[in-house]
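Where a number appears in this text, it was derived from the coordinates with a stated rule and is not lab data. Being a predicted model, the structure only gives us computed values, none of them experimental. Backbone-built Cβ (ideal geometry, glycine too); neighbour counts: all protein chains shown.
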């Protein structure tokens, strides 16, 4: 698969996911049902991979999968889906994938004493400025729920950044981490849903259930990860990360077309600022001879 095509697939899925989830969670589905579909289906899809590679996965990796499940699995997924009940899809794209590279740089410095380059600092400052503008707009909104949703998105992107940092720090493979996180999340959310769900899932039309199975379990849970890995292997981490800057803009267009969400001029300015920050942070360094560790943007 061509690197740019793989990156385009990942970006399109990340951009459309908030729109599809926002439509579902404000429609016939509860947040609990979408969380169950996302990790229940993804857990099943990754079972063949785990069955084939379980001998090569060490005990330490299985144990480290537990905190990683909080960072990138059920913990992060629940924050995103619940936040989309309250705030627009464009906010999730900006405060999720859009802010993740800035979180990686900040938390890497605070927790692992990793120094960020000047371009990363400038990009992080632009992201922070855009986040501040979006937060001020949300605080002034008629509904206080928008601000609460934005807070959930920021917490989710911080957890995703912790996942990226610890995955690299612990030496866990990307596919191993995704498979274990999906399995552990499924083992938590599926029994929880079966035990506590107030209404049966089959009350929803079968076509709508299949649509969310596609989005929650297949596209965002599996396909986007495989596409991201392919893009990084062909294009490198910096060039792949730069394409993440397109996510907030594409989500705003899709939300306008399919949800009727019209962003204000203030929101548009904030989205553009965040996208600019991601682009600056992902600019290639002048020297191409010194290899650097991969920096993966977290999934929504």
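Laid out as a table, the results:
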item	result
Ellipsoid semi-axes in whole angstrom, largest first, where each is sqrt(5λ) of the Cα gyration tensor of the range 152-194	21, 16, 6
Kirkwood-based Rg to Rh ratio, the chain, C-alpha trace	0.95
Length-normalised contact order of the range 3-281 in % [C-alpha pairs under 8 Å, at least 6 apart]	42
Relative exposure of 211, 195, 103, 137, judged by other C-beta atoms within 10 Å (fewest first)	195, 211, 137, 103
Computed [θ] at 222 nm, deg cm²/dmol, the chain (DSSP H ≥ 4; -39,500 (n - 2.57); rounded to nearest 500)	-23500 deg cm²/dmol
Mean projected area (nm²) of the alpha-carbon convex hull when the range 1-63 is viewed from all directions	6.5
Segments 60-68, 106-114 sorted - mean Cβ within 10 Å per residue, highest first	60-68, 106-114
